Amino acid sequence: MRENDEIAYLVLTTAPPDEAEHLAETLVRERLAAGINVIPGMKSFYWWQGTLHIDAESQLLAQVPGERLEAFIQRLLELHSYEVPEVMCFQIDTGHPAYLQWIHDEATTT
């Protein structure tokens, strides 16, 4: 993998556990992410439209090559049930070279 190839690590949330698994499986099957970890049973406290909400949610952690990032986010927004889903993206500066290569290879294979 070249030094300038970007890898993104995304943090996402959704409420129903079955939706989290559906999102993860769909995005990985479509090769928009190399892998997605689903962490169920998280409790979220947040404001929405002036009201404090406390909800059970699932967190998703996605590994995405930079060249697939825009398509990943677009597809996620099509599939997600939230009006404004959490999508936080972190650019990875360094990591285990073989793992970073795996992310790139698996999500760019057609």
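Since every read-out is calculated from the coordinates, none of them should be taken as a lab result. As the structure is a prediction and not an experimental result, all values here were calculated from the model. A quick note on method: Cβ atoms are made from the backbone with ideal geometry, for glycine too, and the neighbour counts reach across all protein chains shown.
Using a 10 angstrom cutoff on alpha carbons, build the Gaussian network for the chain and name the most mobile of Thr26, Thr13, Thr51. Of the options given, Thr51 has the highest mean-square fluctuation. Against the chain, whose longest principal axis comes from its Cα atoms, helix 69-79 is set at around 30 degrees. Helix 97-108 versus the longest principal axis of the chain: what angle, 0 to 90°, nearest 10, using Cα atoms? That works out to roughly 70 degrees. Each of Leu61 and Tyr9 was given a label point 7 Å from its Cα along the Cα-to-Cβ line. The distance between the two points is 0.7 nm. Residue separation of Ile54 and Asp18 scaled by 0.36 nm, minus their Cα-Cα distance, works out to 11.1 nm of gained length.
Neighbour counts of other Cβ atoms within 10 Å put Ser44, Ser81 in the fewest-to-most order Ser81, Ser44. The trypsin sites (Lys or Arg not before Pro) of the stretch 1-80 that DSSP puts in a loop, and whose beta carbon has at most 13 other beta carbons within 10 Å, are Arg2.
Normalised by the number of residues in the chain, the average gap of Cα pairs under 8 Å and 6 or more apart makes the relative contact order 42 percent.
Note on the stretch 7-108: percent of Cα-Cα distances in each 5 Å bin, starting at 0 and stopping at the bin with the largest distance, equals 2, 13, 24, 24, 16, 11, 6, 2, 1, 0.
Tally Lys/Arg at +1 and Asp/Glu at -1 over every other residue whose Cβ is under 11 Å from the Cβ of Ala34; what's the total?
With Lys, Arg at +1 and Asp, Glu at -1, the net is 0.
On a full-extension model of 0.36 nm per residue, what is the gain between Glu78 and Glu25, subtracting their alpha-carbon distance, rounded to one decimal in nm?
Full extension from Glu78 to Glu25 adds 17.6 nm.
Among the GluC sites (Glu not before Pro) found in the stretch 40-110, those both in a DSSP coil and sparsely packed, with 15 or fewer other Cβ atoms within 10 Å of their Cβ, are Glu83. Distance between the 7 Å Cα→Cβ label points at His96 and Met42: 2.3 nm.
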